[in-house]
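This report concerns only the one structure given below.
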Amino acid sequence: MGSAWDLDRVEFNPRCSDTKKAVMIITYIGIFSSTILLIFGLVKMTCQKKRLSFLTKIIIFIFCSEILNMGSRALQFLKYAYDDTRKNPWKNDVETPRGIICQIQIVSSIVSDYCSLLGTLLLSFRCKEVIKSKKRFLDKKRTRILLILLIIIISFILSLVFLFIDRSLSKDFFSIKFDIRDRCSYWCWLEHTSSFYCYILFDIILILNIIVALQANCSLQSGYKKLLEQSVVLVENDSTNVLNDNNNSGEDLKEKRYISFDDRRRVDEIRMMIIKCRIYPSITIFIWVLASIYRFIDDIISRGIDELYDQKTSQDEEEIYWQKHPNLRILEEINLIAHTILSSFRGILYGFSFILFEEKIFGNFFKNFLYKCCCKGEDLLDLEENGNMRKTETGVLMSESIGRESNEDEQNVRNSNTGEYRNNDMNNSDYHSNE
C-alpha cells in the first residue's frame, strides 16, 4: 500500500527531489479541472437538437482522446492500492501490479496522443476540402466512420509496438523498470530510446498538421472574402433618394452596403469555420511543439545518466553526478515543471477554447474579436448594422453562395445563378451560433 501524496524516498531522486511536490500539486489540479471542462464541452456539443456537422464530431473525438489522456494520469491513484515494489532489487522483467498499471498508462497515453494529433489533422483536411473541392472525400458517412476507426486502430497498434520495444530495451535495467518510471513525473512513459522515436513520429504528424492547417486557413480566408463580395449589394441611401426627387439630380449618389438574411447566415457560418480551423489546430501545434522540446531534451540528458546509474548499481553515483552538474539539474527540473503544466492542463486549453468561442456567454465577444483578427480589411461594422435586416427581394440576392453542409438526409441547398459553390459543407456552427 502507499499514499497518493507520494514523497517516500524522494531525497534519493536527485533529479527531482526539489520539484516532486510541485509536480504532484500541478498534476492533481490539472487532472480534475481538465476533465471537468472537457466533459462540459462534450455534453454541450452532444445534447443539441440540431444535427451535428462532421467538424463538430471531429472536435468531440479530440475531446474524448484528451479525456483518455487525463484518465491515464488518474490511474496513478490506483497504484497506491498495491504494495510498493519500487525498492525491490529486481530488473524490469518481473510483472507487478504497479508495473502493469504503469504499462496501461503508457498505452493509453500514446493512444490519446496519436488520436489528438491525427484527429486535428483530419479536422484541418476537412476544412480545406470543404472550400477547395467540389467532390469531397469525406461527404459519405461510411468514409467518415471508417476514418475515425482507422485512427483509433492505428493509434492502438502504434502504442503496443512502442510498448513492446520498450519492454525489450528495458528488461535488463533497474533504473527504468516500470515500478519506478513515475518517480519524478508522477505518471509512466516510455524509456528514453523508444520515447525518442515515438516523438519523431509525433513530429512528422505535427508537421503535416502545420502544412494542412495553413493551407486550410488560406482557403477559408479566400472563400470568406469571395463570399462577402458576392453577398453584399449596394442600395441607394434613403436620404439621397429624397435629395434626388427634389433636385432631379443623380450626381454624387451615396450607396450603402446591405446583405440578405440568408447570406448573412452563411457569412457567420464560414466565420465559425475559420475559428474552428484556427483555434483547435493552433492548440494542438502549440502543445506538441513544447512537448517535443521537453521530451528530446529529457531523453538526451537522462538516457546516459540512467545507464550510468544501472552500471554502478548505486544511487550515490547518480547523486554525485547531479552535484557535479548543478546547471544541468536546474534545467532538468525546469523542464519537468513546464512539461507537467503542459501535459496536465492541455485539456483545459481545449475546454476553454470551446467555452470562449462557442458558448453564448462569452462567444459573441470573443468571436467578434477573432473575426476582426481573421478577416482584416473587411468593413465588419457596416455588415453588423445590417445583420438583422429582412430578406431582400430575389432580384438582389447574391449571385453565388456557399451553402450549408450536405448531410445524407439534407440535400436542400440554396440555388445560385451559376452554381459554382453548390453543396459546400459550411454548416459547422450547428450548436448555439446559428440559433
Boolean, Lys21 is closer than 30 Å to Pro326 by Cβ and out of contact with any Lys or Arg (no Cβ under 8 Å at 6 or more places or on another chain): yes
Thr85 vs. criteria more than 30 Å from Asp6 (Cβ to Cβ), touching a helix residue (DSSP H, G or I) at 6+ places or on another chain (Cβ under 8 Å) and either polar (S, T, N, Q) or not in a helix (DSSP H, G or I) (or both): no
Residue count, the stretch 134-160 (criterion: farther than 30 Å from Ser53 by Cα and out of contact with any helix residue (DSSP H, G or I) (no Cβ under 9 Å at 6 or more places or on another chain)): 0
From the options Asp166, Asp179, residue that is modelled with pLDDT under 90, buried (at least 17 other Cβ atoms within 10 Å of the Cβ) and closer than 22 Å to Leu68 by Cα: Asp179
Filter result (of a type in the set (Gly, Ala, Ser) and within 10 Å of the chain's Cα centre (by Cα)) within the stretch 333-355: Gly347, Gly351, Ser353
Per-region count, the stretch 130-170, residues touching a residue at least 24 places away in the same chain (Cβ under 8 Å) and part of a helix (DSSP H, G or I): 24
Exclusive hit being surrounded by 21 or more Cβ atoms within 10 Å (Cβ to Cβ), among the β-branched types (Val, Ile, Thr), part of a helix (DSSP H, G or I) and at pLDDT 85 or above, set Ile67, Ile62, Ile39, Ile29: Ile62
Residue within the stretch 85-99 that is more than 19 Å from Arg167 (Cβ to Cβ), in contact with a Gly (Cβ under 9 Å, 6 or more places away or on another chain) and touching a residue at least 40 places away in the same chain (Cβ under 8 Å) present: no
Boolean, Glu66 is within 22 Å of Asp166 (Cβ to Cβ) and not β-branched (Val, Ile, Thr): no
Qualifying residue in the stretch 43-51 (condition: farther than 24 Å from Ser155 by Cα, crowded, with 18+ Cβ neighbours inside 10 Å and touching a residue at least 24 places away in the same chain (Cβ under 8 Å)): yes
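The values are calculated or read from the model by the stated rules, or taken from the named source; none is laboratory data. What you see is a predicted model; the values in this text were computed from it and never measured. Note that we place each Cβ from the backbone using ideal geometry, even for glycine, and neighbour counts take in every protein chain shown.
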